[in-house]
1. Provide, in order from the shortest bin, the percent of all Cα-Cα pairs of the range 220-340 in each 10 Å bin, continuing until the bin that contains the maximum pair distance.
2. Taking N as the number of residues in the range 170-229, what is its Cα Rg relative to 2.2 N^0.38 Å?
3. Step through the table entries LYS97/LYS121; LYS97/LYS240; LYS3/LYS176; LYS121/LYS176; LYS97/LYS176, compare each Cα-Cα distance with 31 Å, and write down the pairs that go over it.
4. For the range 41-154, what ratio Rg/Rh do Cα atoms give with a Kirkwood hydrodynamic radius?
5. Sorted by packing (mean other beta-carbon atoms within 10 Å per residue), highest first, where do 346-354, 279-287, 100-108 land?
6. Can you run the Rg to Rh ratio on the chain? Use alpha carbon positions and the Kirkwood inverse-distance Rh.
7. Can you find, among ILE223, PRO200, TYR91, the residue farthest towards the positive end of the dipole of the chain? Put +1 on the C-beta of Lys and Arg, -1 on that of Asp and Glu.
8. Write down the Å³ per residue value for the convex hull defined by the alpha carbon atoms of the range 87-234.
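None of the figures in this text is laboratory data; all of them are computed from the coordinates on show. Since we're looking at a predicted model, the values are computed, not measured. Don't worry about glycine lacking a Cβ; one is built from the backbone with ideal geometry, like all the others, and counts go over all protein chains shown.
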Amino acid sequence: MTKPDFEYDPYSYEIDEDPYPLYRRMRDEAPLYRNERLDFWALTRFDDCLAAFLDWQSFSSAQGTVLELMGDEKLAGSMIIFMDPPRQSRYRNLVSKAFTPARIRTLSQQIRKIAVGHLTKLEGRPHFDVVEEFTTRLPMDVISTMLGIPAEDRDQVREWSNAVLHRDPGSPLPNKDGLQAMGRLHDYMQRHLEARRRRPEDDMTTVLLEAEVEGHRLSDAEIRSFVQLLATAGNETVTKLLASALYWLERSPDQRRLLRDDPSLCGNAVEEFLRFDPPSQYQGRVLAREVTLHGETLPVGAKVLIVNGATGRDERQFPDPDRLDLRREIDVHLGFGYGRHVCLGASLARTEARIALEEFFVRWPDYAIREGGVRRMHSSNVRGLVGLDLEVMGT
């Protein structure tokens with residue numbers, strides 16, 4: 001295999017600004033990419049990534065799914081994304097009781113009420129940071145409502161969650177603030193569980209405490225890890241998806257007009273944004289058995305990044321993939337992963353994003369990004385914005 005003359009470094013701020021040209025080169029020149037320095041392989045073509053997601057027996061999640069944590073056997077079973085079947089299946093069956101279609105439908109009215117509440121506060125203002133004042137607040141409030149986290153604690157929980165995910169330049173691991181936030185989030189969630197055990201409520205935390213499948217119940221540690229996963233990864237997914245959507249719509253006035261003129265496109269628009277620029281850029285796996293790909297045999301224990309962020313721009317799967325098209329017919333994309341580890345909260349995230357776009361465009365069909373108003377967050381596997389200053393046109 002010829003060594004490519006470029007490096008894919010998931011920790012690079014420069015690459016993170018726009019990884020898609022590099023992803024194209026990887027798909028074309030190195031569909032099985034090797035980074036010797038960071039000791040991982042990477043897949044970027046749609047068919048290769050889909051096959052890897054489906055082959056959970058070979059591509060194991062049990063030793064971490066984020067590059068900086070992969071290969072650590074102590075991670076096995078610490079949360080649902082770090083499990084393989086059959087334990088992952090049992091755990092998923094238990095926690096899925098909190099994500100039934102009926103429960104998501106019931107939540108829709110609450111989601112819309114939360115979205116309207118935040119957006120109404122912004123009406124009449126000539127400009128605002130839509131990330132700080134809307135896209136970070138909506139998903140955290142929705143998740144907090146589901147979990148029964150008091151309104152007065154939600155800003156603090158969101159700050160801890162953001163700190164856990166942040167990475168400083170050149171460092172793959174959480175910084176001191178991130179580690180402290182991780183501990184505080186852990187302690188807070190344990191106190192929340194204990195409060196719900198003493199006094200059950202009609203919320204997801206109580207459902208998880210009482211859930212039972214085939215005689216199995218979740219331990220406090222399992223519930224706590226799942227709740228923390230929701231508060232971090234679940235929150236970040238919708239926050240970044242919405243911010244990216246509003247960014248790209250400002251850059252694509254023809255598509256913005258489509259959404260303004262036909263709000264029923266919002267649901268399909270969410271799928272297109274998940275294809276075009278998803279928050280989750282890769283899912284890490286460690287090989288549980290030898291795998292041969294593109295003429296190369298990878299050994300047991302090899303770290304492999306399934307770069308789902310690259311698959312949505314694969315012209316082998318999507319015609320004219322670098323064009324944003326809110327009317328595009330999409331049979332399947334990998335924005336939420338696929339197979340046994342497809343995002344458990346995907347339906348909730350889709351519902352939140354659709355409602356948020358509907359309510360936003362009722363109020364502000366035309367807007368511009370202010371000069372210097374784009375601020376990006378940096379994480380090895382999550383891509384998105386922490387700031388997007390918008391100027392409302394016509395005010």
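1. 12, 33, 30, 18, 7, 0
2. Output field value: 1.37.
3. The pairs that break the limit, which is 31 Å between Cα atoms, are LYS97/LYS121; LYS3/LYS176; LYS121/LYS176; LYS97/LYS176.
4. Expressed as Rg/Rh, it is 1.10.
5. 279-287, 346-354, 100-108
6. 0.95
7. After comparing all options, I get PRO200.
8. 134
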